[in-house]
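The values are calculated or read from the model by the stated rules, or taken from the named source; none is laboratory data. Because the structure is a prediction, the values reported are computed rather than measured. Methodologically, a virtual Cβ is constructed for each residue, glycine included, from the backbone with ideal geometry; neighbour enumeration extends over all protein chains shown.
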Amino acid sequence: MKRLSLSLVLLLVFALRVEAQKQTKQYLGKVKYGKTEQEATIFEIPYPASQVEEGLKDLAAKQGIKVREKNGFFEARGLVLQKIGSNKHDVYYRVDKDGKNESKVYMILAEPGEDLANRTSSHAALAGSAAGGAVILASIGPHLDEQDFNMVKMDQEAEIKKTERKLADLQDEQTKLQKKISDLNKDLDKNVQDQKKLNAELGTKKSALAEFEQKRNEGKKKNL
């Protein structure tokens, strides 16, 4: 029952996060890269910045691409964004914290090996449309959702293990307490038996004393 309840919590949290993903905003804008101003797609994503960074790094890693940092941006060279097509792009992105659990992502697309300072391609054209953000989001969104689900799942699994450890500790303590109670009951029974023996012994000794005193008194009367 406890596992079922935690599973329901996990599903509920994930459902709420997926609902939040629908509220992601994307729009074309400008961002400074090095000494140049670049056209970019800007995303306002309802996930923490650190989580978005890890999710995008993992997306690149699954394609065998190592993400590097330069000019305050992450660079993933030769990345394939499936929803745009099978062509490779050099993807530059910066993830800024935008609230406690939100982030803002500035993403620039370029041709493989293209120098952004002297670029000839268009970010919007490479994105596949004039508003490009929806297409890019369709490429990275599912991966971020999966990343978020996995993190929520890991947190819930950690909570389950933590609760299981607490339960195991309480069960161990119960076993020890039950043994103590058993030992105390044995000690109590022995105490009661010892009292009975001592009461019998005390009765015998009192009777012997009374008989001794009676005989002494009777001896005194005879001597009178």
Legend entry - Long-range neighbours under 7 Å by Cβ, at least six apart or interchain, first residue assigned to a helix (DSSP H, G or I) within segment 36-55, second among the hydroxyl-bearing types (Ser, Thr, Tyr) and crowded, with 17+ Cβ neighbours inside 10 Å: 49/103; 52/103
Inset, instruction - Could you please find all residues in segment 8-35 being modelled with pLDDT under 90, crowded, with 18+ Cβ neighbours inside 10 Å and part of a strand (DSSP E or B)? - result: 26
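Residue 47: hydroxyl-bearing (Ser, Thr, Tyr), surrounded by 15 or more Cβ atoms within 10 Å (Cβ to Cβ), under 24 Å from the mean Cα position of the chain (by Cα) and modelled with pLDDT of 50 or more, yes or no?
Working: hydroxyl-bearing (Ser, Thr, Tyr): yes; surrounded by 15 or more Cβ atoms within 10 Å (Cβ to Cβ): yes; under 24 Å from the mean Cα position of the chain (by Cα): yes; modelled with pLDDT of 50 or more: yes.
Taking the combined requirement at face value, the residue satisfies it.
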Inset, instruction - For segment 108-129, state whether one or more residues are modelled with pLDDT under 90, surrounded by fewer than 12 Cβ atoms within 10 Å (Cβ to Cβ) and β-branched (Val, Ile, Thr). - result: yes
